[in-house]
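The values are calculated or read from the model by the stated rules, or taken from the named source; none is laboratory data. Fair warning: this is a prediction, and the values are worked out from it, not measured in the lab. Glycine gets a Cβ as well: all are built from the backbone with ideal geometry, and neighbour counts include every protein chain shown. Each accessible area value is taken on the protein alone, full model and side chains, heavy atoms only, with ligands, DNA and RNA left out. Shrake-Rupley method; radii C 1.70, N 1.55, O 1.52, S 1.80 Å.
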Amino acid sequence: DKKNYITLTDIANLYAKQPSLGDVTQAADTLAKWDLDGNGQVSASELAAFKACDELKSQIMDWLDPQKTGNITLASLTSQQSAALPYSSDQLKGWDSNTDGILSASELSTGLLADARTIVQQYDTGGKGYFTLQDIQSVLDANTTSNQGLTAEGVMSYWDINNDGQVGMAEILSGMNGYIADNRN
């Protein structure tokens, strides 16, 4: 209906018309998965972030779970495997919500989204859900001692993949995907 966001009703209606996509009873689960800010509406940027997260999760699972078990045993990660990730082993352990030493695909997704959200929030000075060059400069100016060596232009060029002057969660997650691809080689 051209309102530029998706609601529970939209998903349920789609599932009712095309049951091969999902059962109408799964519509709320789908909305919860896609609705990253929890406002009951899925924007294009949220959908893009979810898609980028899913691609990143798949890349990590392919790298760290070649037997396709759906889990990563954290204690068995090699230094080569860890070095290819933009995440520390402590970060991965922190994403293991049930602390069983095994990172499930679901726990990985949750961790990846939380990490991307934290990066955006670090620089997003206005609560917009994305950051700009001006936001980065404001953060750097406010924290000169802890950000020595960083420039707003450098941070922006690293994250702004599509060069539109705004960086949201989808670009953060896509950037991590590129990092892993580069470092696996």
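Quick look at the numbers
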read-out: For the range 17-70, convex hull of alpha carbons as volume per residue, Å³; value: 114
read-out: Extended-chain gain in nm, criterion 0.36 nm per residue less alpha-carbon gap, residue 106 and residue 148; value: 11.5 nm
read-out: Amide H partners (placed H, <5 Å) of residue 104, local residues excluded; value: 72
read-out: Per residue accessible area of the chain, 1.4 Å probe, in Å²; value: 57
read-out: 28 Å tail of the calculated P(r), the chain, as % of Cα pairs; value: 35
read-out: Relative contact order of the chain, defined on C-alpha pairs under 8 angstrom at six or more residues apart (%); value: 21
read-out: Label point distance in nm, residue 183-residue 63, each placed 7 Å from Cα along Cα→Cβ; value: 0.7
read-out: Rounded percent of accessible protein surface that carbon and sulfur make up, the range 120-162, 1.4 Å probe; value: 49
read-out: Fully extended contour minus Cα-Cα distance, from residue 32 to residue 78, at 0.36 nm per residue; value: 13.1 nm
read-out: Cα centroid separation, the range 100-158 to the range 1-64 (Å); value: 24
read-out: Contact order relative to length of the range 119-176, as percent, for alpha carbon pairs under 8 angstrom and 6 or more apart; value: 34
read-out: Dipole moment magnitude, nearest 20 debye, the range 51-156 about Cα centre, only Lys, Arg, Asp, Glu C-beta charged; value: 80
read-out: In Hz, Karplus ³J(HN,Hα) per residue of the range 11-16 (6.51, -1.76, 1.60; θ = phi - 60°; x = Gly, Pro); value: 5, 4, 5, 5, 5, 5
read-out: At 1.567 mPa s and 4 °C, Stokes D of the range 108-174 from Kirkwood alpha-carbon radius, µm² per second; value: 107
read-out: Label-point gap, in nm, between residue 48 and residue 20 - each point 7 angstrom along Cα→Cβ; value: 2.9
